[in-house]
1. At 1.4 Å probe size, with no ligands or nucleic acids counted, give the accessible surface of Met96 in Å², nearest ten.
2. Less than 15 Å Cβ to Cβ from Ala343, Lys/Arg counted +1 and Asp/Glu -1: what total charge do the surrounding residues give?
3. Let me know the charge dipole size of the stretch 183-225 about its Cα centre in debye, to the nearest 20, where only the beta-carbon of Lys, Arg (+1) and Asp, Glu (-1) is charged.
4. Roughly how many debye, to the nearest 20, is the charge dipole of the stretch 315-424 about its Cα centre, given +1 on each Lys and Arg Cβ, -1 on each Asp and Glu Cβ, and no other charges?
5. Placing +1 on the Cβ of each Lys and Arg and -1 on the Cβ of each Asp and Glu in the stretch 202-325, which of Val218, Gly277, Ala302 has its Cα farthest towards the positive end of the resulting dipole?
6. Tell me whether the stretch 186-342 comes out rounded, prolate or oblate; compute the Cα gyration tensor, take square roots of the eigenvalues as a ≥ b ≥ c, and use a/c under 1.5 as the rounded threshold.
7. Considering only Gly118, Ser163, Trp139, whose Cα is most displaced toward the positive end of the charge dipole of the stretch 88-176, charges sitting on Cβ of Lys, Arg (+1) and Asp, Glu (-1)?
8. Going by a ≥ b ≥ c, the root eigenvalues of the Cα gyration tensor, does the stretch 309-426 fall in the rounded group (a/c under 1.5), the prolate group (a/b larger than b/c) or the oblate group?
Amino acid sequence: MQTRRAAVLSAAAVALSALPGRAVAAPAAAGRARSGPAPRQGQVPAARSADEREPGLLRVALPAPGGPYPVGTVALRLVDRSRPDPWVARPYRELMVSVRYPAHRAAGYPRAPQMLPGEAAAFARLNGLQGVPGDRVDWAATRTPAHQGAPAAVGRFPVVLYSPGAGDPRSLGSTLCDDLASRGYAVVTVDHTYDAVAVEFPRGRVELTVLPEEFAKVAPDPEHADPARVAPLLRRTVEVRVADTRFVLDRLPQVLPPALRDVLDFGRLGMFGHSAGGFTALQAMSEDPRILAAANFDGVLAYVQEDGDHGYLSPVAAHGLDRPFLLVGKDGNTRRTVPSWDALWKHSTGPRHGLTLRGAEHATYTDAEPMVPQIARALRLPAATVTALIGTIPPRRAIATERACLAAFFTRYLNAGAGRPGPLDWPVRRFPDLRPFA
């Protein structure tokens, strides 16, 4: 049977062949936009007006954050001139990141789009939401709860990096990232260029993923992929992501807008991610002592195609961690069923936390959780399509549970709870779908 990852990548390879080229111009509305931190550098381009949106396409919404702060955001382009790009023939590596932060006020500042027009166009063709007709949704119309350029709240806030799953844009984690920012954290979301489905840079240039093409080279027959040939590609993917993460940590403090430089406390630094992003978070923490705690939402920690596969362990799984980590699995994923998680658990000396969310699926920990049910209702998609993507747990319950887990973990290790003795008190009574690892 074709694996989940192979199915996504092979389907994307077919769709990718229909796109016009590796670097493409965004639609006209994006081409007129500019990016920059406050008004000067890296700002998300202006949203399209109602007249510029595609008529007849479905629009979906994201849930409001649950914390006491409104959320501000700024986008930044970062260039690493010391490192040639590992995926394409370019003498430097460039990334787009967004900083979500607690804001003093949000009134009068526009809400940031989840995806810019060029990113949305590629996502419509290459998204990994199997069974969802991407061309029926206006992905560029979705607004996040974060407000562009809103003034920061007074204070010093811990910094948490976010890395998305393979092929996913950084914005597909908005449901968790914006909520964490609303609770008093500065959240830095990272697009891994040529890994993410599409990354839109200033002046509307869009760079597309190369992962489907790379996967096709090592697995021409995805249903019978050779693990020994696929493992080096998966290793390379994670190594690039970790290098991206460490560069962001090096560079970001120097390029922040002046109004944010005293707000972000890089001495209290954490990281989390989904799928390959969760893998990246733990591997980056093992290599970089600046990261004090990390959480992994359903990311296998080996260079394999299925969670239950043995072998091809990553360095972090093989050697363990001496700092706090959190594993959160979909229904059925525990340290007993995911060999790489068990290896990490056994080899680690720091605080270890593991949870399974009953009724959850792999995409439960992304914006698919609130968006897919809206799409399914409007387009009358089969119930099986929804449960295959986000499981059977009710979306509101899943989102509330995930947000509470993430906030509890980082509060314990980065914020007011740091230094408090005793085990972490998970809110299991309020969220009975959680099952701690045995």
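1. Answer for Met96: close to 10 Å² accessible.
2. +1
3. Computed charge dipole of the stretch 183-225: roughly 340 debye.
4. With only Lys, Arg, Asp and Glu charged at Cβ, the dipole is about 240 debye.
5. Farthest towards the positive pole: Gly277.
6. In terms of gyration-tensor shape, oblate.
7. Of the options given, the answer is Ser163.
8. Cα axes put the stretch 309-426 in the oblate bin.
The values are calculated or read from the model by the stated rules, or taken from the named source; none is laboratory data. Computed from a predicted model, the values in this text were never measured in an experiment. Ideal geometry is used to build each Cβ from the backbone, glycine not excepted, and the neighbour counts take in all protein chains shown. Keep in mind that these areas ignore ligands, DNA and RNA; they rest on the heavy atoms of the full protein, side chains included. Shrake-Rupley method; radii C 1.70, N 1.55, O 1.52, S 1.80 Å.
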